4 protein chains.
Amino acid sequence: MADTGGIAQDQLRSIVARIERLEEEKTVLATDIKEVYAEAKGNGFDIKILRKIVRLRKQEQAERLEEEEITDLYMHALGMLTTPE
Amino acid sequence: MADTGGIAQDQLRSIVARIERLEEEKTVLATDIKEVYAEAKGNGFDIKILRKIVRLRKQEQAERLEEEEITDLYMHALGMLTTPE
Amino acid sequence: MADTGGIAQDQLRSIVARIERLEEEKTVLATDIKEVYAEAKGNGFDIKILRKIVRLRKQEQAERLEEEEITDLYMHALGMLTTPE
Amino acid sequence: MADTGGIAQDQLRSIVARIERLEEEKTVLATDIKEVYAEAKGNGFDIKILRKIVRLRKQEQAERLEEEEITDLYMHALGMLTTPE
DNA sequence: ACACAAAGTTCGCGTC
DNA sequence: GACGCGAACTTTGTGT
């Protein structure tokens, strides 16, 4: 990495390129999502409610995962498991 | 949409499913990006600096686009271009 | 606000002072919370689990509020209420 | 703590209650701070700049404390002070 | 103004 | 007991 004239620069370029590529794809998806909402609105759905439904479903899933986690945590605390794999 | 017993529900399901699918993909990309940063860190790069580089490049690109836009605008104003189709 | 030599400066001082005062109090509370965790650890409790319990309880409360909200939203959407007050 | 049927549960309840109480107060303060910013904005101040001012002042204070600490350290090392407190 | 997403900072733990 | 790592919390910026 101290070799600033050599391999490090190539590595840096590669890293930046990969990140930019991924971020670009992410932006595309964000756009797609917006379009779905817009289309739904065109079909008479209320975007605000749609967003809330999506959010609620995400929360419910998160809650489920969280509960599993805490169960695992307790089981470990009680010595019922040795290590998380 | 008032037809709550029929097609609207199917539509709603479809919309929510599409959004959730896209958001999931977006999450995957966010994870991938984090992994690239983590890998870079493992190779001795400073994540904070990497983020700054990426941010700067995005800004520069935005500025370049901005300039192109303004240039186009002027050229149109001067009658040097016809309207873009 | 353009009157930089006069009232605006006093206002600015007052604003900054109020914020700093509040942040100081906030920091004190954060310290207190840490101390409770530390004390609990001294009594054989697992900090990680404690944090998770607290988080979970907060989520559950948030979920309850969220559901009420969405209920209201639907009722409005169905024309059962006129305006949110 | 292994006495899950007895005192530990009371202790746990007490711990969680204390934390939740403190966090609630902390939330109130956070809200108050936001309100001060909002009010300032209403009086024509730029929130972003205000935040920067507050941040800078905090840094400066931290630096001052740091210097005092180092000074104390040196003075101790030179035997110019006895141990504090 | 509110909620979401991203970034930065801090904290707790395992290791040496 | 100090240091680094990984995770959690906080804060900042953005979009609706």
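Answer yes or no: is there a residue in the stretch B:34-49 that is assigned to a helix (DSSP H, G or I) and of a type in the set (S, T, N, Q).
The answer is no; no qualifying residue exists.
Yes/no per residue for (1) more than 16 Å from DNA strand E (Cβ to nearest atom); (2) facing chain A (nearest Cβ under 10 Å); (3) within 30 Å of A:L50 (Cβ to Cβ); (4) modelled with pLDDT under 95:
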| residue | (1), (2), (3), (4) |
| --- | --- |
| B:A2 | yes, yes, yes, yes |
| B:Q9 | yes, no, yes, yes |
| B:V16 | no, yes, yes, no |
| B:E35 | no, yes, no, yes |
| B:E39 | no, yes, no, yes |
| B:E60 | no, no, no, yes |
| B:E63 | yes, no, no, yes |
| B:E67 | yes, no, no, yes |
| B:T82 | yes, no, no, yes |
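Which of the residues that make up the stretch C:35-69 are under 15 Å from D:R21 (Cα atoms) and loosely packed, with under 12 Cβ neighbours inside 10 Å?
C:Q61
The values are calculated or read from the model by the stated rules, or taken from the named source; none is laboratory data. Note that the coordinates shown come from a computational prediction; the quantities given were computed from them, not determined experimentally. Don't worry about glycine lacking a Cβ; one is built from the backbone with ideal geometry, like all the others, and counts go over all protein chains shown.
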